[in-house]
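The values are calculated or read from the model by the stated rules, or taken from the named source; none is laboratory data. Only a predicted model underlies this, so the values are computations on that prediction, with no experimental measurement involved. Virtual Cβ from ideal backbone geometry, glycine too; neighbours counted across all protein chains shown. These area figures cover heavy atoms from the full protein model, side chains too; ligands, DNA and RNA do not enter into them. Shrake-Rupley method; radii C 1.70, N 1.55, O 1.52, S 1.80 Å.
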Amino acid sequence: MLSIKDLHASVEDKQILKGLNLEIKPGEVHAIMGPNGSGKSTTGHVLSGREGYNVDSGSIVFNGKDLLEMDTEERAREGLFLAFQYPVEIPGVSNMEFMKAAVDAVREHRGEEPLDSVSFMKKARERCKAVNLPIDFLKRGVNEGFSGGEKKRNEIMQMMLLEPKLCILDETDSGLDIDALQVVADGVNALRDSGRSFIVVTHYQRLLNYIEPDYVHVLSDGRIIKSGDKSLALELEEKGYGWLVTADEEGVA
Amino acid sequence: MSQEQIDQLIQKEYAAGFVTNIESDTLAPGLNEDVIAFISAKKNEPEWMLEWRLKAYKVWKEMVEPEWAHVHYPKIDFNEVSYYSAPKSMADRPQSLDDVDPELLETYKKLGIPLHEQEALAGVAVDAVFDSVSVGTTFRSKLKEVGVIFCSISEAVHEYPELVKKYLGSVVPQKDNFYAALNCAVFSDGSFVYIPKGVRCPMELSTYFRINESKTGQFERTLIIADEGSHVSYLEGCTAPMRDENQLHAAVVELVALDNAKIKYSTVQNWYPGNAQGMGGIYNFVTKRGIAHTNAHISWTQVETGSAVTWKYPSCILKGDNSVGEFYSVALTNNYQQADTGTKMIHLGKNTRSTIISKGISAGKSSNAYRGLVRMNPGAEGARNFTQCDSLLIGDQCAAHTFPYIESKNPSAIIEHEATTSRVSDDQMYLCQQRGINPEKAVSMIVNGFCKEVFKELPMEFAVEAGKLLEVSLEGSVG
């Protein structure tokens, strides 16, 4: 599904990723944890191709294709989805209109006809229900006046509509109460299948109680310094990151 | 006139737009009393009309070109403009699309107005003005049945001289401003509408203005009179071929809404804006004003995407008590376009109300200014105004300006003004692209969203057209 090799990337000439390696197979859920500033969110934005996030060296292969050769929108159409940490508002553009354009763009890329409005609306209503968003959110401007929790649920709704191959959740749990967290996790779990992979970026182990990962990676200073199964998350919860980071620095020295 | 003929007429009007080689009777450039007499004679006008023109010409000669607008262009030599041009015969217009330069056809297609779709205009009566003449007005007899007069102003001068004499220049006097005075002297054609008492006009009325001939100016004159308790919705559209030279368009539109009448006037202005390097395009200097009598309602909606330079302030004089004025505007400038546009709401009567919603979008190296006056005269007891004026910037080389003028001479009047300036942010673009939407589509979606409040005021078909037009106008605005 995704193969990241020795990735070095920088933002505004500041090197953030310094030799990241990651292999993700179809159906797997990978959690990326790590202290502030370790490069977790940067990883998501480099993968999705955000402007200003420059890859200095290394490679990323996504479904057998060179991801770095593709524009942002091409990556999305190929099935890469990023659920934003801070979804931006687009006033006056309805969620419905926005998602119709997105779904049609992906379908066109696959050589499919645009979805007719009736089928689209049916699907969109189902997805809204799944994440507990009132149907009239489809008519409202994209994220316009949504609460923090509503914005996050709206992201998951979009993900469910686009049915991507690789879903990256960038701190989707931040600012969510327990109930909202459950809704978001249910949405993600409903999408889990053997052909779809997830990268779950989070600060807290809590989310991983709801979305059980196959692997947990600790990112520090732009590299993965430890990988393990879900028990690693519990260990981190207990001990923090300090011991790992120190061990890593000593190892390097 | 049959539906087929109407469709043909509309199609011809559009198709004609893209033909560069039409044989025309074009007057040599220059402006003097003989030229005015020539125009008047061409239209076989009565003596009083010629005198009215000559009077305006004298006024104009004493006036100086206004320089207060936030626009820059080389001084116009009014003696280098031709003031009259008309196709030699209607037969000279292309009979089929095969005669049209494919490149121009493509441009039209890109405008979102493929010709067969003009069938959507079935419920709309059209007056088609080509250079200096009206080439035809549809649905006239059907309108006549309910007493609605819809014809070219040239015909109205002959057939309804009393109405013309009474109202022409009653809202925009000859000496109102430099361009209005010029228009009074040399106006060529335009539309005339009269809606009798208590009649609700059964269909949309519209005029399509087309400049075709090079080195000519177009001086359209439109007069709409809604008698007591009547209703009318009117729409104008304008296009011009791409030429390297600048062409002058100086129009005057006068609206008279008598007691309890309602006039809704919508414009989709798409004059040639000049090329990406700022060469060519129309100079659009327009005076539009309406007078609203007791309980009357005048609503201006404009979508301004064309012209190299726009100088235009559709205004309302709220003379009668309880009269209402509205101005909804989308003005988009790209490349080197300049627009200085807005409105004037003059509150004279008691409890008069006005609403101004202006959306300015600047892209490329363009400059877009909103200029608006809200005046509450001493008699405007309990009058209210609400103004919302939003600017959207695309890229970092364009400019947006806001010049609001507020004068209140009545302490009971309430004036509210809100203004915002925003950008199409990188984050918005990123969100769209991350969802698979290409940058051009993303910008047009964001801009359309920004304009939504104004588009919903347009008649349905034209709202769609306006949206598409924005898309085309924005082409190349994303790096």
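A few notes on this one:
- For the stretch B:288-433, relative contact order (Cα pairs under 8 Å, six or more residues apart, normalised by length) works out to 19 percent.
- The stretch A:35-117 shape via C-alpha gyration tensor axes, a/c threshold 1.5: oblate
- Here the dipole of the protein assembly as shown is about 1780 debye; that uses its Cα centre as origin and unit charges on the Cβ of Lys and Arg (positive) and Asp and Glu (negative).
- Rolling a 1.4 angstrom probe over the protein heavy atoms with all chains in place gives the stretch A:131-208 an accessible area of 34 Å² per residue.
- For a label point 7 Å along the Cα-to-beta-carbon line of B:K55, residues of the stretch B:146-175 with backbone N under 18 Å: B:157-158, B:161-175
- Placing a pseudo-label 7 Å from each Cα along the Cα-to-Cβ vector at B:Y73 and A:D193 gives an inter-label distance of 6.0 nm.
- Rolling a 1.4 Å probe over the protein chains gives B:E80 an accessible area of about 130 Å².
- For B:E453 and B:E80, a Förster radius of 45 Å and the Cβ-Cβ distance give a FRET efficiency of 0.60, rounded to the nearest 0.05.
- Solvent-accessible area, 1.4 Å probe, carbon plus sulfur percent, for the stretch B:180-229: 43 percent
- Our estimate of slack between A:S57 and A:Y86, defined as 0.36 nm per intervening residue step minus the Cα-Cα distance, is 7.6 nm.
- Using R0 = 60 Å, the C-beta based FRET efficiency linking B:V464 and B:K409 works out to 0.90.
- Alpha carbon centroid spacing (whole Å) that separates the stretch A:183-223 from the stretch B:68-83: 66 Å
- Per-selection metrics, chain A (Cα): Rg and Dmax in Å: 18.2, 62
- Expressed in Å, the radius of gyration and Dmax of the Cα atoms of the protein assembly as shown are 30.9, 103.
- Of all DSSP-defined beta bridges confined to the stretch A:138-253, some 50% are antiparallel rather than parallel.
- Computed about its Cα centre, the charge dipole of chain A is approximately 540 debye, with only Lys, Arg, Asp and Glu carrying charge at their Cβ.
- Unsatisfied cross-links (Cα-Cα over 23 Å) in the set A:K139/B:K468; B:K142/B:K288; A:K100/B:K452: B:K142/B:K288
- Estimated from the Cβ-Cβ distance and a Förster radius of 51 angstrom, the FRET efficiency linking A:S227 and B:Q397 is about 0.60.
- The figure for B:R289 is an accessible area of roughly 30 square angstrom, using a 1.4 Å probe on the protein chains alone.
- Look at the dipole of the stretch A:62-173 built from charges on Cβ: of A:G79, A:M99, A:L67, the Cα furthest out on the positive end belongs to A:M99.
- Of all DSSP-defined beta bridges confined to the protein assembly as shown, some 20% are antiparallel rather than parallel.
- Of A:M96, A:M121, A:M157, the one that fluctuates the most in a GNM where chain A has Cα springs shorter than 10 Å: A:M121
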